[in-house]
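Okay, so here's the structure we're looking at.
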Amino acid sequence: MRRVILILLILMQAMFFINYIVNNGVIFFSIYIWALLSIISFISSWRAVVAEPNLYENRSIHLSLSLTLLIMSLMSLIFVALIAATRPYFL
């Protein structure tokens, strides 16, 4: 179950990056949702990195998914802060 949640969070982070690139900006209140999702993703990925994998879960897959989500959530937080600093009209 944890693997499914990590994959879904990775896909949601990727969706926000693709949405920003395709639409050339952030639409209305999606920057707040993106920031909230980034914080939630960071917390869940940090907990997944620290925790041991389940009994039937491969350790390398678990670690790669959790580190991928951790890196993507950090990139998202930095990107949201950059958007807030350079384009405050998106807030």
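The values are calculated or read from the model by the stated rules, or taken from the named source; none is laboratory data. Keep in mind the model is a prediction, meaning the values are calculated, not measured. Cβ placement follows ideal geometry from the backbone for every residue including glycine, while neighbour counts extend to all protein chains displayed. Ligands, DNA and RNA are stripped out before the accessible areas are found, and what is left, the full protein with its side chains, is counted by its heavy atoms. Shrake-Rupley method; radii C 1.70, N 1.55, O 1.52, S 1.80 Å.
A few notes on this one:
- Using a probe of 1.4 angstrom and keeping all protein chains present, the accessible surface of the chain works out to 66 square angstrom per residue.
- Rel. contact order, % - alpha carbon contacts under 8 angstrom, at least six apart, the chain: 41
- Largest GNM mean-square fluctuation among 80, 49, 22, using the chain with Cα springs under 10 Å: 22.
- Karplus-derived 3J(HN,Hα) values for the stretch 66-77, using 6.51 cos²θ - 1.76 cosθ + 1.60 with θ = phi - 60°, are 5, 6, 4, 5, 4, 5, 5, 5, 5, 4, 5, 4 Hz; glycine and proline are entered as x.
- Loop-located chymotrypsin sites (Phe, Trp or Tyr not before Pro) in the stretch 28-91 (DSSP state not H, G, I, E or B) with no more than 11 neighbouring Cβ atoms inside 10 Å: 28, 29, 56.
- For the options 36, 77, 69, a Gaussian network treatment of the chain with springs between C-alpha atoms closer than 10 Å singles out 36 as fluctuating the most.
- The helix-only estimate of mean residue ellipticity at 222 nm for the chain, built from DSSP H runs of length n ≥ 4 each weighted as -39500 (n - 2.57), is -27500 deg cm²/dmol after division by the residue total.
- Histogram of C-alpha separations across the chain, 5 Å bin width, %: 2, 15, 25, 22, 14, 10, 7, 4, 2, 0
- Added length on full extension, which subtracts the Cα-Cα distance from 0.36 nm per residue, residue 47 to residue 71: 7.3 nm
- Solvent-accessible area, 1.4 Å probe, carbon plus sulfur percent, for the chain: 77
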